[in-house]
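**Q** After the structure tokens below, expect a handful of questions from me.
Just so it is clear, none of the values below were taken in a lab; they were calculated from the coordinates. Quick caveat: nothing in here was measured; it's all calculated off a predicted structure. Neighbour counts are summed over all protein chains in view; Cβ atoms, including those assigned to glycine, are modelled from backbone coordinates with ideal geometry.
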Amino acid sequence: MTLAPVSGQGEPPPSRAPRRSAPAAVGGAWANSARDALEGAVTAIAAAGAPTPRLDAEVLLAHVLGVSRARLLSDRDLAVAGPAVRAFQDAVRRRSLEREPVAYIVGTRGFRDLELALDRRALIPRPETELLVEVGLLLPRGARVLDLCTGSGAVALALAHERPDLELSGSDISNAALALARENAERLGLRVRWQHADLLTGLAGEFDAVLSNPPYVAEGEREQLAPEILRHEPPEALFAGPDGLALIRPLLAQLAPRSDVSTVALEVGSGQAAAVGELMRAAGFPALEVRRDLAGIERVVVGERGG
Ligand SMILES: C[S@@+](CC[C@H](N)C(=O)[O-])C[C@H]1O[C@@H](n2cnc3c(N)ncnc32)[C@H](O)[C@@H]1O
């Protein structure tokens, strides 16, 4: 996870300059052209300091009107009228004044090929976490895979979708997150075995691979987190003691005697890869590979059980 918030749909913001500002566009109960409403929203969201105001405004307005972003920008006759006026006002208020992430406002987030339902029960899946899925895709046919700290179920569900031959489990300490993961699985028609557990304690079954994006933000980094994260995402999904390794350390200690597990892949914070690599080696997973995210940060550490 980066310390910055996730943007609207994980896409770079368009570089067009605003046509003109229309501050009253999200204010009244009358119909506005979608373009004017959009400009008013961009102004409000930018003034609140959110990093991708135009992208956010487009995603929110497209969601409220039930149209694609492409139509929003191409259909000059599109209007914001009736209940959509209030709905868009509310969405812009949440994004600007409350700095609520777009994914929680629209209630969905794209991850790999899936559209996941999202709310405050779970962390918003980040693009860099797709690296864990890429590790899973390389596993042998029929491998038993655990997505530990599953949150919304993102990693387990993406693998269930892309590699139906795998035997997938997802676990979390949060019953609320697990409920969301189950809802996502049902809606998407994907089969994953969900379990409530504190790391590996009380977890049933054997696994060939454990993939995990655990909480790894150091307590001291709290002040650097964007308001979107700090105010809205679940704290139990974020923080892990003074150095950010408070969960990874006991997890690897629990994995050390597990002869069933031959592959471990952990997402880590910026600057943590070397320390986590050492802990993996000490736990009996010496063959290390480190995968970098799109920003070049060492993001996922992969260990294989030594012969
Ligand atoms: C960083 S989030 C990752 C969520 C999801 N895998 C993703 O990448 O979007 C970490 C998750 O770990 C869970 N968690 C925190 N402590 C845990 C523990 N001791 N055992 C199991 N899960 C834990 C949190 O509830 C949260 O859902």
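**Q** Let me see the P(r) profile for segment 25-99: every Cα-Cα distance counted, bins of 5 Å, each bin given as a percent of all pairs.
**A** 3, 20, 33, 26, 14, 4, 0
**Q** From the phi of every residue in segment 213-218, what ³J(HN,Hα) in whole Hz does the Karplus formula 6.51 cos²θ - 1.76 cosθ + 1.60 yield, where θ is phi - 60° and glycine or proline is x?
**A** With the stated coefficients, segment 213-218 comes to 10, x, x, 9, 7, 5 Hz.
**Q** Also, quick follow-up: Which of the listed residues, Ala117, Ala44, Val80, is farthest toward the dipole's positive end in the chain, when Lys, Arg count +1 and Asp, Glu count -1 at the beta-carbon?
**A** Of the options given, the answer is Val80.
**Q** Output the antiparallel fraction of DSSP beta bridges having both residues in the chain, as a percent to the nearest 5.
**A** 50
**Q** Using the Cα centre of the chain as the reference point, and only Cβ charges (+1 on K/R, -1 on D/E), how large is the resulting charge dipole? Debye, rounded to the nearest 20.
**A** 780
**Q** Right, here's the next one. If you average 1/r over all unlike Cα pairs in the chain and invert the result, what Kirkwood radius do you get in angstrom?
**A** 20.5
**Q** Looking at segment 63-150, which trypsin sites (Lys or Arg not before Pro) are DSSP coil and have at most 10 other C-beta atoms within 10 Å of their C-beta?
**A** Working: sites: Arg69, Arg71, Arg76, Arg86, Arg93, Arg94, Arg95, Arg99, Arg109, Arg112, Arg120, Arg121, Arg141, Arg144; in loops: Arg76, Arg99, Arg112, Arg120, Arg121, Arg141.
Here the trypsin sites (Lys or Arg not before Pro) that fit, given the DSSP loop and packing criteria, are Arg76, Arg141.
**Q** Residues with amide H under 5 Å of Gly170's amide H, sequence separation 5 or more or different chain, H placed in the peptide plane at 1.01 Å from N; which?
**A** Amide H to amide H, under 5 Å and 5 or more residues apart or across chains, Gly170 pairs with Asp147, Arg193, Trp194, Gln195.
**Q** Assign one of three labels to segment 210-252, namely rounded, prolate or oblate, based on the Cα gyration tensor with a ≥ b ≥ c the square roots of its eigenvalues; rounded applies when a/c is under 1.5, prolate when it is not and a/b is larger than b/c, and oblate otherwise.
**A** Values: a/c = 3.05, a/b = 1.64, b/c = 1.86.
Because a/c hits 1.5 or more and a/b fails to exceed b/c, segment 210-252 counts as oblate.
**Q** Rounded, prolate or oblate: which fits segment 56-114, taking a ≥ b ≥ c as square roots of the Cα gyration tensor eigenvalues, rounded meaning a/c under 1.5, else prolate when a/b beats b/c? Spell out each step's value before the answer.
**A** On the way: a/c = 2.16, a/b = 1.13, b/c = 1.91.
Oblate is the answer for segment 56-114, as a/c is 1.5 or above yet b/c matches or exceeds a/b.
**Q** Under the rule of at least 5 residues apart or a separate chain, name every residue whose amide H is placed under 5 Å from the amide H of Phe111.
**A** Here the answer is Leu116, since their amide H atoms fall under 5 Å of that of Phe111.
**Q** Quick one: dipole size for segment 118-214, taken about the Cα centre, charges +1 on Lys/Arg Cβ and -1 on Asp/Glu Cβ, in debye to the nearest 20.
**A** Numbers: 10 positive and 14 negative charges, 44 e Å.
So the dipole magnitude of segment 118-214 works out to roughly 200 debye.
**Q** Which ³J(HN,Hα) values, rounded to whole Hz and listed in residue order, are derived for segment 186-203 from phi using the Karplus coefficients 6.51, -1.76 and 1.60 in 6.51 cos²θ - 1.76 cosθ + 1.60 with θ = phi - 60°, glycine and proline given as x?
**A** Running phi through 6.51 cos²θ - 1.76 cosθ + 1.60 with θ = phi - 60° gives 5, 4, 8, x, 10, 9, 9, 8, 9, 9, 8, 7, 8, 6, 8, 5, x, 8 Hz.
**Q** I need Ile105, Ile297, Ile248 ordered by Cβ neighbour count within 10 Å, fewest first.
**A** Ranked by crowding around the Cβ, least crowded first: Ile297, Ile105, Ile248.
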